[in-house]
């Protein structure tokens, strides 16, 4: 589920900047427990802050979709649908992610008892949220790198308390 929520951040970030955004993405997930890195890639389409699709080309057939409060996914043949209004854990994670990607990262920091920092790196703005204390689940750190020119993310890094680190890199970004 964390993979899917991470993906939501990616798509909602795009929604904050334009009506429709398409992009290619690569995903790299380091799993501390096994010491292995899993990679994936695909294409995303963001229609609004509450509607997007992420279709994987590798592994082919996987997808993640959000439509309002509903999230649906197919991960390696396992399909599921989650109503975030009925699932408190997923709702809290979704809200955190939505706040991060819609530019309300200060609220995300408050909700998650995290410190925030903003810096510039060349033509990019880097926003870092760091948890003040350890928790049984969630993210210890979130780093979002935005293009300063249009506030669209080009890289997202999510570090979980268990040591798993997922990185998304976007390319071929088109706004309509």
Quickly run through the stretch 59-72 and pick out the residues that are at pLDDT 85 or above, surrounded by fewer than 19 Cβ atoms within 10 Å (Cβ to Cβ) and not in a loop (DSSP other than H, G, I, E, B).
60, 61, 63, 70, 72
Kindly provide the set of residues from the stretch 158-169 that are in a strand (DSSP E or B) and either farther than 20 Å from residue 45 by Cα or touching a helix residue (DSSP H, G or I) at 6+ places or on another chain (Cβ under 8 Å) (or both), ordered by number.
158, 159, 160, 165, 166, 168
From 154, 165, grab the single residue that is touching a strand residue (DSSP E or B) at 6+ places or on another chain (Cβ under 6 Å), at pLDDT 95 or above and farther than 15 Å from residue 108 by Cβ.
165
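Yes or no, residue by residue, for (1) modelled with pLDDT under 90; (2) part of a strand (DSSP E or B); (3) within 24 Å of residue 163 (Cβ to Cβ); (4) touching a strand residue (DSSP E or B) at 6+ places or on another chain (Cβ under 7 Å):
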| residue | (1), (2), (3), (4) |
| --- | --- |
| 74 | no, yes, no, yes |
| 80 | no, yes, no, yes |
| 94 | yes, no, yes, no |
| 109 | yes, no, yes, yes |
| 118 | no, yes, no, yes |
| 127 | no, yes, yes, yes |
Can you name every residue in the stretch 23-39 that is over 30 Å from residue 176 (Cβ atoms), in contact with a strand residue (DSSP E or B) (Cβ under 6 Å, 6 or more places away or on another chain) and touching a residue at least 12 places away in the same chain (Cβ under 8 Å)?
30
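The values are calculated or read from the model by the stated rules, or taken from the named source; none is laboratory data. The structure presented is a predicted model; accordingly, all values stated were derived computationally and were not measured. Glycine gets a Cβ as well: all are built from the backbone with ideal geometry, and neighbour counts include every protein chain shown.
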